[in-house]
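Here is the structure we will look at, set down as structure tokens.
The values are calculated or read from the model by the stated rules, or taken from the named source; none is laboratory data. As the structure is a prediction and not an experimental result, all values here were calculated from the model. Using ideal geometry, Cβ is built from the backbone for each residue, glycine included, and neighbour counts are taken over all protein chains shown. Surface areas here come from the heavy atoms of the whole protein model, side chains and all, with no ligands, DNA or RNA. Shrake-Rupley method; radii C 1.70, N 1.55, O 1.52, S 1.80 Å.
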Amino acid sequence: MAVNASFVSPTADAQAAHRVAQLDVPGVLSTILSGISGWQLVLTTFLLLVAYDQFKYIWNKGSIEGPAFKAPFIGPFLESVNPKFTKYHAKWTSGPLSCVSVFHKFVVIASTRDLARKVFNSPTFVKPCVVDVAYKLLRPNNWVFLDGKAHVDYRKGLNGLFTRQALEVYMPGVEECFNHYFDRWLKITQHHQGKPVAFMHEFRELMTAVSCRTFVGHYMSEATVKKIADDYFLITAALELVNFPIIIPFTKTWYGKKAADMVLEAFTKCAAKSKVKMAAGGKSDCILDFWVQSMIDSENYRKKVASGVKVDDIEKPTMLIRWFSDFEISMTLLTFLFASQDATSSATTWLFQIMADRPEFLDKVRAENVAIRNGDIHAPLTLDQIETMPWTRAVVKEVLRYRPPVIMVPYVAKKDFPITPTYTAPKGSMVIPTTYLALHDAEAYPDPESYVPERWITGNADQQTKNWLVFGTGPHYCLGQVYAQAALMLMIGKASMQLDWRHQVTDKSEEIKVFATIFPMDDCLLAFSKRDA
């Protein structure tokens, strides 16, 4: 039997409908609004938006640690403009999960080792996002923003660029950069009459030069490398964790965008040069050459197969890749620079400072570097030789643990992400695992707040693989981790034999400055002198 949902008679329904039709809705609204001034309407709207912003934050926060309320809309943006490591540390130690909300972005921070690893290893729920402005600087279609199978396939094509065979080819170019900059540092100290000066920016330029030499060989002039080193500082500033969500002229993000455009143009030109050289049968001596050669080999193999020529399996390239445009190559090289430059600059700065303050360790590094070269301090080393020096390896591993270059890795939740049984990060939120607490875990690394390289020689530090998050883990782990550690070992080993340096300790030397990565607050005051043979 049909049921009349209004539970009244059809006649009554018709009368009600007639009255509604006669109701002047616009007129009623006009009467209501006529009693409200424009300012009252604006104020009411603003208060409603504030209430919504606050409600959404509290709803997203749920049971995890974080401020009970947020400043309307901007949240802690103003204090984030000048980030303090102590505040980051307090946030990490406030609870396994904590949160903030800045502008439109809700941020969940995973601080413990296990939660950080869960984020790293959950590609179904999260993907790397860096920061909002990164899409504009690195370009939205950059490979680093790919997800799922597309990312896996692209990454497989890059794996061949970091084989041990390839790294052996890169090392002479790396050593060439060290020789050049060691001479430069001596001149800088002489120019300042032996007075210690801030070297953090010099280390940044060195590592930019090392990265560019490794990536594009001699396709790039020293003047261009210098320009990139100077301007890359602007890109780093633009990619701070918290930034204004749009690019405004003459702000940090605006200058960063212009610098990124310049770097992309320079790398694009290098890609074109490499294609000409390698097509003519040139020899590979940098990452770009290896990549282009792999493209050529893949293209030649496909042409043979398509032509019906029988091709032996041994002729098939280890990894078949497609042909990449010059600009696609350029975007990838920019992400390599982004991943390497700041991190290695941080590690270099702390390494030179700590070795100056702890000469007993520097003496051990020097002794084993001289010994492995049979007394010839200018003799080149193979990758295997570099890795067999226990003290050189230990001082580098410990600086990466003690002052980890990468303290946070931003991801975005592709969908609601149940991080724990009791908390789910909402879709669209930023989810940030931190590496710092895992690397300062007293159970894994006794006396974690002290620099103790012996733990890598006589201790069990190498067994703490779950805590070793310096280079991440999961599908987005750092491709260049072997290269980065070998380059740092080669650098400090050569410096120990060829240079002496002293550090001017200040009350800011051990205070940590956050600038994408971490540096001494006083920018590391050093003076270099040539070491007697």
#### Entry: Convex hull volume per residue for segment 208-270, taking Cα atoms only, in Å³
82
### Task
Starting with the highest mean, order 421-430, 401-410, 316-325, 372-381 by the number of other Cβ atoms within 10 Å, averaged over the residues of each peptide.
401-410, 421-430, 316-325, 372-381
### Query
Contour minus end-to-end for Val309 and Asp532, with contour as 0.36 nm per residue of separation and end-to-end as the Cα-Cα distance?
74.0 nm
## Note on the structure
SASA check, His89, accessible area w/ 1.4 Å probe, all protein chains in place, rounded to nearest 10 Å², comes out at 60
### Query
Do the alpha carbons of any pairs in Lys127/Lys415; Lys226/Lys269; Lys56/Lys84 sit beyond 18 Å of each other, and which pairs?
Lys56/Lys84
### Message
Run the simple label-point estimate for Lys427 and Lys466 please: 7 Å along Cα→C-beta, distance reported in nm.
### Response
3.3
### Query
Which of Ala116, Asn159, Ile188 sits farthest toward the positive end of the charge dipole of segment 113-244, with +1 on the Cβ of Lys and Arg and -1 on the Cβ of Asp and Glu?
Ala116
### Message
Please compute the modelled spin-label separation between Leu47 and Leu499, points set 7 Å along Cα→Cβ, answer in nm with one decimal.
### Response
6.3
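At 27 Å minimum axial length over the Cα atoms and a Kyte-Doolittle cut of -1.0, report the qualifying DSSP H helices in the chain, or say none. Write down the numbers at each step before the final one.
On the way: long enough: 38-61 (34 Å, 0.47); 164-191 (41 Å, -0.63); 252-279 (40 Å, -0.25); 287-306 (29 Å, -0.30); 326-357 (45 Å, 0.56).
Taking the DSSP H segments of the chain (at least 27 Å long, mean hydropathy at least -1.0), we get 38-61, 164-191, 252-279, 287-306, 326-357.
If DNA, RNA and ligands are ignored and the probe is 1.4 Å, what is the ranking of Glu299, Glu368, Glu449 by accessible area, most exposed first? Write out the running numbers ahead of the final one.
Working: Glu299 65, Glu368 30, Glu449 100 Å².
Reading off the accessible areas and sorting them downward yields Glu449, Glu299, Glu368.
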### Message
If I take R0 = 35 Å and measure r between the Cβ atoms of Asn121 and Ile296 in this structure, what FRET efficiency does the formula 1/(1 + (r/R0)^6) give, to the nearest 0.05?
### Response
0.50
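For Asn141 and Ile377, compute 0.36 nm times the residue count separating them, minus their Cα-Cα distance, and round to one decimal in nm. Kindly include the intermediate steps, with their values, before the conclusion.
Numbers: separation 236, 0.36 × 236 = 84.96 nm, distance 4.61 nm.
So the extension gain works out to 80.4 nm.
How large is the dipole of segment 134-530 about the Cα centre if only Lys and Arg carry +1 and Asp and Glu carry -1, each at its Cβ, rounded to the nearest 20 debye?
Working: 45 positive and 45 negative charges, 258 e Å.
With only Lys, Arg, Asp and Glu charged at Cβ, the dipole is about 1240 debye.
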### Task
Could you pull out every residue, at least 5 positions away or on a different chain, whose amide H is within less than 5 Å of the one on Ser429? Hs are placed 1.01 Å off N in the peptide plane, and Pro or chain starts have none.
Ala413
### Computed E for Gln40/Gln190 - FRET, C-beta separation, R0 56 angstrom, nearest 0.05
0.20
### Query
With each label point set 7 Å from Cα along the Cα-Cβ vector, what nm distance links Lys226 and Glu387?
3.7
### Query
What is the spread of the Cα atoms of segment 134-530 along each of their three principal axes, largest first, in whole Å?
67, 59, 48
## Note on the structure
For segment 118-259, the dipole about the Cα centre with charges only on Cβ (Lys and Arg +1, Asp and Glu -1), to the nearest 20 debye, works out at 360
### Task
Please report the relative contact order for the chain, taking Cα pairs under 8 Å with a sequence separation of at least 6, and give it as a percent rounded to a whole number.
21
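Add -39500 (n - 2.57) for each DSSP H run of 4 or more in the chain, then divide by its residues: what number comes out at 222 nm, to the nearest 500 deg cm²/dmol?
Numbers: 19 runs with 282 residues, N = 533.
Value at 222 nm, helices only, nearest 500: -17500 deg cm²/dmol.
Using DSSP, restrict attention to beta bridges with both residues in the chain and report what percent are antiparallel, rounded to the nearest 5. Write out the running numbers ahead of the final one.
Working: 27 of 32 bridges.
Bridges in the chain that DSSP calls antiparallel: roughly 85 percent.
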### Query
Which value, in Å², gives the accessible area per residue of the chain when a 1.4 Å probe is used on the protein heavy atoms?
47
